[in-house]
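A.B. asks: The structure's right below; bear with me while I get my questions together.
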Amino acid sequence: MFASILRNHADRYPEMQIHDIYKLVHQAAMGSEHAVMDRTRILEVLIQEMEEISSVPFEEPLADPISPDGEIIRVHLRPFAETKKDASILADAFHRTASEFEGRIDMIESHWKSATQTKLFPNHLMDEFISEMKRQNYPAVNHSDAYRQAYKPAYRVVWRKFFPFNKTGG
């Protein structure tokens, strides 16, 4: 169930804001569809980001399941870089996910309902936020400033079947 995934993230990332909950919901339901670009450019951006990545004072899993079925995962770049694997493996997984995974709006709504039930934020704030996102046809959003400052997120959202390293953690 999505609520347990969200609680896990809230425990790991206590600075998580409503925007960050929505981003997690959106990625779990839609994959990386909003990030479709040329495969060569994906690899260039990934390599550059891995070269510029800064450390964080906490441990990240290599692969973090974010959908209830475990099929959509966030692959964190810091532990991925430590594997010394070719970045093209992750770039390919990301590109294929963006190209082949078919997201579903109804899953955004279902995951959001589960998120609301966790009571991480007051229901009226959750309702206001999702109403605005619905009005905008559920766009992809960035992490909140508080989340970016605290955790320096660096990951790619991929479909597990395209990522050959299936170590997960939470």
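FYI, it's all coordinate maths here, none of it is from the lab. Keep in mind that this is a model prediction, so the values were computed, not measured. Ideal geometry is used to build each Cβ from the backbone, glycine not excepted, and the neighbour counts take in all protein chains shown.
A.B. asks: Which residues among region 78-96 fall inside the zone where the amide N is under 11 Å from a point 7 Å beyond the Cα of LYS152, along Cα→Cβ?
C.D. replies: From region 78-96, the list is 78.
A.B. asks: Once you've got the Cα coordinates, tell me which of LYS119/LYS152; LYS85/LYS119; LYS23/LYS119; LYS23/LYS161; LYS85/LYS152 are over 29 Å apart. Numbers along the way, then the final one.
C.D. replies: Working: LYS119/LYS152 25 Å; LYS85/LYS119 40 Å; LYS23/LYS119 17 Å; LYS23/LYS161 22 Å; LYS85/LYS152 22 Å.
LYS85/LYS119, as the Cα separations exceed 29 Å there.
A.B. asks: Moving on to the next point. Working from the pairwise distances between different alpha carbons, so that the mean of 1/r is found and then inverted, what is the chain's Kirkwood radius in Å?
C.D. replies: Values: mean 1/r = 0.0614 Å⁻¹.
Its Kirkwood hydrodynamic radius stands at 16.3 Å.
A.B. asks: Determine, for THR116, THR40, the number of other Cβ atoms within 10 Å of each Cβ, and report the residues in order from fewest to most. Walk me through the numbers before you get to the answer.
C.D. replies: On the way: THR116 19, THR40 10.
Listed from fewest to most nearby Cβ atoms, that is THR40, THR116.
A.B. asks: Reachable aspartates and glutamates from LYS113, Cα under 14 Å, same-chain residues fewer than 8 places away excluded?
C.D. replies: The reachable aspartates and glutamates, counting only those whose Cα sits under 14 Å from LYS113, are ASP127, GLU128.
A.B. asks: With an 8 Å Cα cut-off and a minimum separation of 6 or more residues, compute the relative contact order for the chain in percent. Before the final figure, lay out the partial values.
C.D. replies: On the way: 229 pairs, mean separation 73.4, N = 170.
It rounds to 43 percent for the chain.
A.B. asks: Follow-up question, since we're still on this one. For VAL141 and ASP86, what is the calculated FRET efficiency with R₀ set at 41 Å and r taken between the beta-carbons, to the nearest 0.05?
C.D. replies: Values: r = 31 Å, r/R0 = 0.75.
Efficiency computed from Cβ-Cβ geometry: 0.85.
A.B. asks: Separate question: Among ILE21, ILE89, ILE130, which comes first, then next, by fewest other beta-carbon atoms within 10 Å? Intermediate values should be presented prior to the final figure.
C.D. replies: On the way: ILE21 24, ILE89 16, ILE130 21.
So the residues, fewest neighbours to most, are ILE89, ILE130, ILE21.
A.B. asks: Still on this structure, please answer the following. In what sequence do VAL158, VAL141 fall when counting other Cβ within 10 Å, fewest first?
C.D. replies: Values: VAL158 26, VAL141 15.
Fewest-to-most Cβ neighbours within 10 Å comes out as VAL141, VAL158.
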